[in-house]
Every structure is written in structure tokens, then in C-alpha cells.
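The values are calculated or read from the model by the stated rules, or taken from the named source; none is laboratory data. None of the values given here were measured: they were computed from a predicted structure. Because the Cβ atoms are built from the backbone with ideal geometry, glycine has one as well, and the counts that use them run over all protein chains shown. Each accessible area value is taken on the protein alone, full model and side chains, heavy atoms only, with ligands, DNA and RNA left out. Shrake-Rupley method; radii C 1.70, N 1.55, O 1.52, S 1.80 Å.
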Amino acid sequence: MIRLRLATLDDSSMLQMWADDVDLWTSSDEDGSFDWDSEIPRTVDWRELLVAEHDGRPIGFIQITDAAREESHYWGDVEQGAMAIDIWIGDPVDRNQGFGSKMMQLAIARCYARDGARSILIDPLDANERACRFYERLGFTFVEKRNFGRDLCRVYRLDRS
């Protein structure tokens, strides 16, 4: 069984180890750096940092963000009620096991449980065909290609039905 829980400082080293995995970043100009020790305890009402567990064992990470309200304005001008999800499976042995689909189902439900949430945005790298097909299978619709920093991404959207 997969469940999501809030990340804690006890997760910092594991999350950094996962973020340092070259496979997660080889097709990106991003380096996976994130100050986990500062960001995990920082409570903001526009973001959740979540650890996915399978039968109590951590397997992945999800960030859910209110795309209209987050402080960096990463998504630009988006309508109120637009949420964004970032997801990755940590350990390579846990990849390609179907965990990502269940994690996304839980994250989507969590987004839509928020008052006023109307859509969800995702931004896989343009070169990551496998991730793009994954999101399309989940019902996300392609919106546009867009550069985020130095990365060319595809923006996908899922509207609340």
C-alpha cells in the first residue's frame, strides 16, 4: 500500500541522496540541489513536501504547490486554483514498479481536496518521452512547450472534472 506523509528533517539525508542520483538529472540542466534542512521545516500554506511510502518504506517524493501563489512565480501568471505537482521515485530499484501511478493518483486527489483547486500543472522535460506518455495516460493534456530556466519542458494540464 502506498501512502503520502509530510517530509520531516529525518528525511533530509535520504532526499538529498535521491536528488544526487545522476539518472534523475542527466537530461536536465538542473543539478538537484535543494536545501532540505531549511525547506522541510519551513511551513508555507502554498506548498507541501511529501514522502511516498510503500508498506512503510520510503520510495519517492512529491511536492504539491499552489502554482498561482508560490513565491518564485515559477509558473508565471496562472489562474487561481492551479496546483502543480513534482514527483520522483527515489531508489532506482523502485522505479518501473507502478508506484508512480499510485503516487500521482494520491497527489491528484490531494490537490483537488483543496478548496478552490481547479487544475493541476506538470512540466516534464521535453526529451523525457516516457514521462510525457505517463502523464497523458493519467489524463493530462498537452498545453505548450516552455523553457523553465535552461530546460525545455512540456506543460501539461489536468482540469478538475
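Structural remarks
- Cβ-Cβ under 7 Å pairs, at least 6 apart or on other chains, region 63-78 side of a type in the set (Lys, Arg), far side open to solvent by less than 100 Å² (accessible area, probe 1.4 Å) and in a loop (DSSP other than H, G, I, E, B): Arg69/Trp46
- Members of region 142-161 found to be in contact with a helix residue (DSSP H, G or I) (Cβ under 9 Å, 6 or more places away or on another chain) and either at pLDDT 95 or above or open to solvent by less than 50 Å² (accessible area, probe 1.4 Å) (or both), listed by number: Phe142, Arg154, Tyr156, Leu158
- Boolean, Trp88 is open to solvent by less than 70 Å² (accessible area, probe 1.4 Å), among the hydrophobic types (A, V, I, L, M, F, W, C) and part of a strand (DSSP E or B): yes
- Restricting the first member to region 107-121 and to residues that are over 19 Å from Leu4 (Cβ atoms), and the second to residues that are of a type in the set (D, E, K, R) and part of a loop (DSSP other than H, G, I, E, B), the beta-carbon pairs closer than 7 Å and six or more apart or on different chains are Arg118/Arg160; Ser119/Arg160.
- Filtered by the rule that a residue be touching a Leu at 6+ places or on another chain (Cβ under 9 Å), over 23 Å from Ala109 (Cβ atoms) and in contact (Cβ under 8 Å) with a residue 24 or more places away in the chain, region 123-161 gives Leu125, Asp126, Ala127, Asp151, Leu152, Cys153, Arg154.
- Lone unmet requirement of (1) touching a residue at least 60 places away in the same chain (Cβ under 8 Å); (2) more than 23 Å from Ile59 (Cβ to Cβ); (3) open to solvent by less than 60 Å² (accessible area, probe 1.4 Å) for Phe99: (2)
- Enumeration of residues in region 1-50 that are open to solvent by less than 30 Å² (accessible area, probe 1.4 Å), of a type in the set (S, T, N, Q) and modelled with pLDDT under 90: Ser28
- Scanning region 102-126 for residues that are in a helix (DSSP H, G or I) and either open to solvent by less than 20 Å² (accessible area, probe 1.4 Å) or of a type in the set (Val, Ile, Thr) (or both) yields Met103, Met104, Ala107, Ile108, Cys111.
- Scan of region 51-62 for residues that are of a type in the set (D, E, K, R) and open to solvent by less than 30 Å² (accessible area, probe 1.4 Å), ordered by number: Glu53
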